[in-house]
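Before any comments, here is the structure.
Here, each number is a calculation from the coordinates, and none is a lab measurement. Fair warning: this is a prediction, and the values are worked out from it, not measured in the lab. Note that we place each Cβ from the backbone using ideal geometry, even for glycine, and neighbour counts take in every protein chain shown.
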Amino acid sequence: MTKHHLSLVIALVVCAVVLAGGWFLGVQPQLAAASSNQAQQSTIDATNDKNRAELTRLAAAFAGLDATKAELAQLRASVPSTTDSESFVRQIDANAAAAGVQVTNVTIGDATAYAPATEPTAEKTANAAPSAAATSSTDEDVPSAQPATDPAVTDANFSLVPVTVAVQGSYDQALAFTKAMQSGSRLFLVSGIAAASEEEDDAPPMESQSWSLSGSVYVFTDTSSTASANG
């Protein structure tokens, strides 16, 4: 090998070393950084998409906030956090005036703790069930009714207040009063109606009677809010 060829080989080796060094010292780190930046950008884009979706949901919820507050106020009026007897009596008087009956007595009892419905025991079910001979085959396909319960409603936050309202009026007036009480702002479950005529035997029936409505109003105490306020 001549001296000229040797110099050429050395120059080529030096160029290769320089190119390799440039790759590892310059190009390769830049490519790695670009790949890392692309992964980070994908993560950022995904987070931004999630935040935009949440903002859209919050905007929709805020748009319906007034309607939600109105519904909450209606529910709180239906089942308030206290007995609120005065407000309920005013509702009774207003409904009585609209129906044309005269309120003669209102009795509001003491609140009692809510007792959730329980499923019938096997013994009660066996005692209540008809004999096998009297039971048709199709009855076995009918599911038994289960009591409706809600774990959020307990004897610690929900109570029943017995109420009896006595009024004087005709049958139609008493019926209108009963419907008004059942559809008022305060939830009133009518469980019984008793009538006692005050007319003579030869008087027209149902013209003037004393009517007694018995039922319950309800009180719901939000124990979670109370605990948060005390905490």
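Overview of values
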{"read-out": "Compactness of segment 58-113 - radius of gyration and Dmax, Cα, Å", "value": "16.8, 52"}
{"read-out": "Length added when fully stretched, T56-A152, from 0.36 nm per residue minus Cα-Cα", "value": "31.6 nm"}
{"read-out": "In nm, spacing of pseudo-spin labels at A194 and A115 (7 Å Cα→C-beta vector)", "value": "2.1"}
{"read-out": "Segment Q168-R90, extension gain: residue separation times 0.36 nm, minus the distance between their alpha carbons", "value": "26.3 nm"}
